[in-house]
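Only the coordinates and a few stated rules stand behind these numbers; no lab work does. Since the model is a prediction, treat every value here as computed from it, not as a measurement. Cβ coordinates were reconstructed from backbone atoms using ideal geometry, including for glycine residues, and neighbour counts include every protein chain displayed.
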Amino acid sequence: MKIAVLAGDGIGPEITAEAVKVLQALDLKFEMERAPVGGCAYDAHGHPLPEATLKLAKQADAVLFGAVGDWKYDKLDRPLRPEQALLGLRKNLGLFANFRPAICYEELVGASSLKPELIAGLDILIIRELTGDIYFGQPRGRRSAPDGHFPGSEEAFDTMRYSRPEIERIAHVAFQAARKRSKRVTSVDKANVLETSQLWKDVVSEIAAQYPDVALDHMYVDNAAMQLVKEPKRFDVVVTGNMFGDILSDEAAMLTGSIGMLPSASLNERKQGLYEPSHGSAPDIAGKGVANPLATILSAAMMLRFSLEQPEAADRIESAVKDVLASGLRTADIHSEGTKRVGTREMGDAVVASLTKKT
Ligand code: NAI
Ligand code: MG
């Protein structure tokens, strides 16, 4: 089981170190190799995704990824910015299926800004298409407008684009995931306005015919944004395109209290995957030892389940995380009265202690 460890920038190295520690506490054999990615790779090698890093990622069964980015790189040309490393990895590895679970742990119900009854027991899975849509569509650029409302003035444009096979494969992923859950899929689009969304809706409906045991409903993205805060438990599996999924998954993350708790998986057709916390590099708290490592640790659990075929080990990590929360330990982002505030490393140590206690 070969794992490429790409820690990246900001809090990336701190949180990744804890996930690596947890993996090493399992009695499994991993080959782990590190490589630079993001801003630190740009500083050292002049590119956010050096050839050697991409090669390592391609050869690995799975990538454990921290986070990339820092405000200090904002002035770089787009292809050199840290975030391009992630887009490059997604594109080069064909990681089209992004799984973002939003689970509200019993112990953290109070950490959400929503009423407890709205989110207690919340467990939704957002499946976001990750390699198409307006983030990758060509053409894009800036130019002097040839036509439009203000001819001759500067304009910028992006292209929202989806092909039938791209929609078909993500729809299959969603229906198959729903089969293992409550057998409901909500497909989110903006079909009242966008051609890409109309195709999306048509194709998802066609694929649904192959999954008669799964109920499908469609929702416009603006309504989905409202329903997520009004009645989040009405959702189970949500499938949507790249941009809508980006926004809705962050919104769903906030329902659960802290983005520091939320893992993610990005998979290709061969089940090779990139596993990373849903949050970014948090430059505001980097280097202080206070970041919550649980999203990264839970991402490592997803890695064991989806790419490394070690579901029992994944279960063990997830239950260790629950134990630690039940014992009252909290990093600053989830801290509340009556709980014990700990740093990044202590939180990782506590997960390891709980894991090893159980064997
Ligand atoms: P962010 O997720 O890094 O931070 C947002 C807020 O959440 C901050 O106040 C931060 O301190 C807090 N936070 C995030 N993770 C936390 C954790 N584990 N524990 C405790 N608190 C945590 O998003 P932001 O501030 O918009 O972006 C910062 C940088 O990260 C930017 O350069 C951005 O481009 C990059 N970014 C990278 C991503 C990735 O690598 N996948 C994803 C999102 C942003
Ligand atoms: Mg995002």
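Considered as an equivalent ellipsoid built on the Cα gyration tensor, region 201-246 has semi-axes of 21, 14, 8 Å, the largest given first.
With a Förster radius of 35 Å, plug the Cβ-Cβ distance of Met32 and Lys357 into 1/(1 + (r/R0)^6) and report the FRET value to the nearest 0.05. List each step's numbers first, then the result.
Details: r = 24 Å, r/R0 = 0.68.
So the FRET efficiency works out to roughly 0.90.
Normalised by 2.2 N^0.38 Å, where N is the number of residues, the C-alpha radius of gyration of region 175-293 stands at 1.21.
How would you rank 147-155, 59-67, 338-346, highest first, on the average number of other Cβ atoms within 10 Å across their residues?
Final packing ranking: 59-67, 338-346, 147-155.
Label-to-label distance for Leu194 and Ile247 is 0.9 nm, based on points extended 7 Å past Cα in the beta-carbon direction. Direction-averaged projected area, Cα convex hull, region 96-137: 3.8 nm², rounded to one decimal. Per-residue extension of 0.36 nm, minus the Cα-Cα distance of Asp315 and Arg184, leaves a gain of 44.8 nm for this segment. Working note: 222 nm ellipticity from helices only, DSSP H runs with n ≥ 4, each -39,500 (n - 2.57), summed and divided by the residues of the chain, gives -12000 deg cm²/dmol to the nearest 500.
Write down the Å³ per residue value for the convex hull defined by the alpha carbon atoms of the chain. Let's see the in-between values first.
Values: hull volume 52.6 nm³, N = 359.
So the per-residue Cα hull volume is 146 Å³.
The three principal axes of the Cα atoms in region 97-267 give end-to-end lengths of 57, 38, 28 Å, sorted in falling order.
How much of the DSSP bridge set in the chain is antiparallel, in percent, rounded to the nearest 5? Could you put the intermediate results ahead of the total?
On the way: 19 of 47 bridges.
Looking only at bridges with both residues in the chain, the antiparallel portion is about 40 percent.
The three principal axes of the Cα atoms in region 73-121 give end-to-end lengths of 45, 28, 15 Å, sorted in falling order. The count of lysine pairs in region 97-267 whose Cα atoms are under 16 Å apart, excluding pairs fewer than 8 places apart on the same chain, comes to 4.
The Cα center of region 41-60 and the Cα center of region 92-164 differ in position by 25 Å. Distance between the C-alpha centres of region 1-27 and region 246-290: 14 Å, rounded to the whole angstrom. Using 7 Å Cα-to-Cβ label points, what is the Glu231/Lys2 separation (nm, one decimal)? Simple spin-label model gives 5.0 nm for this pair.
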